[in-house]
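Trainee: Structure incoming, see below.
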Amino acid sequence: MADHPTTGDIPTLRAQRESGAQTARAVVDRYLERLQARRDLNSYVLVAEDDARTAAEDVDAGNRPGPLAGVPLAIKDNILVEGQPCTCGSRMLDGWVAPYDATAVARLRAAGAVFLGKTNCDEFGMGSSNENSYFGPAKNPIDPSRVTGGSSGGSAAAVADGQAMAAIGSDTGGSIRLPASYCGVIGLKPTYGAVSRWGLVAFASSLDQIGVLARTVDDARSVFHVIRGHDPRDATSRTDPPIHEETRPRRIGLLREYLEEGLDPDIRAAVLKVADALKEQGHDIVDASLPSARYALQTYYIICCAEASSNLARYDGVKYGYRTGNAAELIDMFEQTRDQGFGDEVKRRILLGSYVLSAGYFDQYYGTAQRMRQAIISDYTRAFVEVDCLLTPTAPNCAFPIGEKLDDPLTMYLVDVYTTSVNLAGLPGLSFPCGAIGGLPIGAQLIGRPMEEDLLLDLAGQVYESVRPTITLASE
């Protein structure tokens, strides 16, 4: 990726600050200048200039020491930052201000990070292209006529374009990894429960996970190490420690079901190039199988829509958020508020979720999906008896033109085909750029056992420089 004034990394920034060659305020000013000059990409829905400059000055005064002191970060707009609006990309929450910090945000703040603003996202995290946002689509900095991927598209675009050193997103079925693949950055979806969900606005509670987007493997690791860890306020937060063994040759499985029909041949070749690079590093590359993978997409959409229909029932115009001004009676107020406040994709998923949970269809759809989820988990467990991690494509295609798939939801859903099983099984997944087609980046995905994020980061780091593509931003 071409260099510009904001393409640094966290270790370099730390060294420059410690030597006195750089101040946090100067760094933040450069990033703010960059993102203001690139507002056409629509990557941010809120730029917190005053807060960011004040925080940077506190760092320079020695009041905010920590491993991320002065590091400019972006936060996806479904994660709470105290005193700042949190809209989830929806009219329903337009103007609502967060009363507290999410646990991940609080940990970043304690580590000295500076928050530049809130990034664009698909409404309530529901989308694969960032086209479902109330604020309009985020645009890919490599080619602004194309999507960023979703739902953490604004976070990926901000990192790729040098509008933030790293960013926080959420991943329910690929919402960190898919934008990372389309924008040519690193995207880490941690183990379910490895990072607290306290302060993440719920979409599908058994699938949602906060994670990291960054330009380098080391930067992703630095941010992840700050936000991970048990949180007593999150009942699903894991208490077991992360696993990080000494580097040694590993057995890596090529997941055969994800390299078959439907995959662009150039993407298959790029993933096989990653396998060759890992083999050159001394790792053993073998075939692996996940027989239930063919059912993962259907299973995911039944479960996520069911959970969404329950989680979004709270947006009724009574307690907070948008309320219609035209209703004369209570039921009419509920109906009009939800009709006007939610976008088409959110309504679609609420309807699907309500249907699969309805009397007479519950076991046929939701019950079957839960049984299939267990089959997917069992398949992963068997695979990890034979291998240490799995290698797959992140997506079956590169970033597509804005508007191309909006009228065909099923085609849109298919771009999640390689990512959803990871969320269903609660496993860590990492996407990193490994090639390009016509200047558009390709992502490779590593999938690991629970709490083995550092292994995935280690493996990606060993081959990243040899497989990463040279990407030119549209502005350069």
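Derivation of every value follows stated rules applied to the coordinates shown; laboratory data play no part. Keep in mind that this is a model prediction, so the values were computed, not measured. Glycine gets a Cβ as well: all are built from the backbone with ideal geometry, and neighbour counts include every protein chain shown.
Trainee: What do you get for Rg/Rh of the stretch 4-150 when both radii come from the Cα atoms and Rh is the Kirkwood radius? Write out the running numbers ahead of the final one.
Mentor: On the way: Rg = 15.7 Å, Rh = 15.9 Å.
Answer for the stretch 4-150: 0.99.
Trainee: Size of the stretch 375-420 along its principal axes in angstrom, Cα-based, largest extent first?
Mentor: Principal extents (largest minus smallest coordinate, Cα): 43, 21, 8 Å.
Trainee: Right, next: Please compute the contact order of the chain in relative form: average sequence separation of alpha-carbon pairs under 8 Å and at least six residues apart, divided by the residue count, as a percent.
Mentor: Numbers: 1151 pairs, mean separation 84.9, N = 476.
About 18 percent, as a whole number.
Trainee: Give me the percent relative contact order of the stretch 120-219, please, defined on Cα pairs under 8 angstrom at least 6 residues apart. Mind dumping the intermediate values first?
Mentor: Details: 251 pairs, mean separation 25.5, N = 100.
Rounded, it is 26 percent for the stretch 120-219.
Trainee: First select every other residue whose beta carbon is under 10 angstrom from the beta carbon of residue 106; then total the charges, Lys and Arg +1, Asp and Glu -1.
Mentor: Working: positive: 107, 109; negative: 82, 101, 231.
That works out to -1.
Trainee: Give the percent of DSSP beta bridges with both residues in the chain that are antiparallel, rounded to the nearest 5. Can you show the working numbers first?
Mentor: Values: 31 of 47 bridges.
Here the antiparallel bridges make up roughly 65 percent for the chain.
Trainee: In 10 Å bins starting at 0, how do the alpha-carbon pair distances of the chain split up by percent?
Mentor: Percent of pairs per bin, in order: 4, 22, 33, 27, 11, 3, 0, 0.
Trainee: What is the set of long-range amide H partners of residue 96 at a cut-off below 5 Å, with H atoms built 1.01 Å from backbone N?
Mentor: Distant-sequence amide H within range of residue 96: 86.
Trainee: List, in order, the whole-Hz ³J(HN,Hα) value for each residue of the stretch 309-323 obtained from phi through the Karplus relation with A = 6.51, B = -1.76, C = 1.60 and θ = phi - 60°; use x for Gly and Pro.
Mentor: Calculated HN-Hα couplings, in order: 4, 6, 5, 8, 5, 6, 8, 10, x, 9, 8, 6, x, 5, 9 Hz.
Trainee: Quick check for me: using +1 on Lys/Arg Cβ and -1 on Asp/Glu Cβ, what's the dipole size of the stretch 254-341 about its Cα centre, in debye to the nearest 20?
Mentor: Values: 9 positive and 15 negative charges, 59 e Å.
My answer is approximately 280 debye.
Trainee: To the nearest 0.05, what FRET efficiency results for residue 264 and residue 49 with a Förster distance of 41 Å applied to their C-beta separation? Provide the component values of the computation, followed by the final result.
Mentor: Numbers: r = 41 Å, r/R0 = 1.00.
Step by step, r from the Cβ atoms, then E = 0.50.
Trainee: With +1 on the Cβ of every Lys and Arg and -1 on the Cβ of every Asp and Glu, and nothing else charged, how large is the dipole of the stretch 120-233 about its Cα centre, in debye rounded to the nearest 20? Each step should come with its number before you reach the end.
Mentor: Values: 9 positive and 10 negative charges, 47 e Å.
Here the stretch 120-233 has a charge dipole of around 220 debye.
Trainee: Tell me, what ³J(HN,Hα) does each residue in the stretch 428-445 have, in order and in whole Hz, if you take phi through Karplus 6.51 cos²θ - 1.76 cosθ + 1.60 with θ = phi - 60° and put x for Gly and Pro?
Mentor: Result, ordered by residue: x, x, 10, 10, 9, x, 9, x, 8, 10, x, x, 9, x, 10, x, 9, 10 Hz.
Trainee: With a 10 Å Cβ neighbour count serving as the proxy for reagent exposure, in which order, fewest first, do 198, 96 appear?
Mentor: Details: 198 21, 96 16.
So the residues, fewest neighbours to most, are 96, 198.
Trainee: State which entries of 76/273; 139/189; 118/279 exceed 29 angstrom in Cα-Cα distance in the structure shown. Please list the in-between numbers first.
Mentor: Working: 76/273 32 Å; 139/189 22 Å; 118/279 40 Å.
Violating the 29 Å Cα-Cα cut-off are 76/273; 118/279.
Trainee: Another question, if that's okay. Just how large is the dipole of the chain about the Cα centre, in debye to the nearest 20, putting +1 at every Lys and Arg Cβ and -1 at every Asp and Glu Cβ? Before the final figure, lay out the partial values.
Mentor: Details: 45 positive and 61 negative charges, 91 e Å.
The dipole magnitude comes to about 440 debye.
Trainee: Moving on to the next point. Considering only C-alpha atoms, what is the centroid distance from the stretch 416-476 to the stretch 334-406, in Å?
Mentor: So the separation of the two Cα centres works out to 21 Å.
Trainee: Each label point is 7 Å from the Cα along the Cα-to-Cβ direction; what then is the distance between the points at residue 386 and residue 327, in nm?
Mentor: Result: 5.5 nm between the two label points.
Trainee: So, R0 is 22 Å and r is the distance between the beta-carbons of residue 335 and residue 313; what FRET efficiency does that work out to, to 0.05? Can you show the working numbers first?
Mentor: On the way: r = 13 Å, r/R0 = 0.60.
After rounding, the FRET efficiency stands at 0.95.
Trainee: Return the FRET efficiency for the residue pair residue 361, residue 236: r is the Cβ-Cβ distance, R0 is 30 Å, and the value is rounded to the nearest 0.05. List each step's numbers first, then the result.
Mentor: On the way: r = 27 Å, r/R0 = 0.90.
Step by step, r from the Cβ atoms, then E = 0.65.
Trainee: Test of understanding: ordering 465, 257, 452 by Cβ neighbours within 10 Å, fewest first, what list do you get?
Mentor: On the way: 465 9, 257 18, 452 22.
By the 10 Å Cβ count, ascending: 465, 257, 452.
Trainee: What list do you get for 302, 471 if you sort them by fewest beta carbons within 10 Å? Each step should come with its number before you reach the end.
Mentor: On the way: 302 23, 471 18.
Least crowded to most crowded, the residues run 471, 302.
Trainee: Follow-up. By how many nm would the segment from residue 476 to residue 354 lengthen if fully extended, with 0.36 nm per residue of separation less the alpha-carbon distance?
Mentor: Working: separation 122, 0.36 × 122 = 43.92 nm, distance 4.74 nm.
Length gained, residue 476 through residue 354: 39.2 nm.
Trainee: Let me ask you something else. Around residue 198, which amide H atoms from residues at least 5 apart in sequence, or from another chain, sit under 5 Å from its own amide H, with H modelled in the peptide plane?
Mentor: 103
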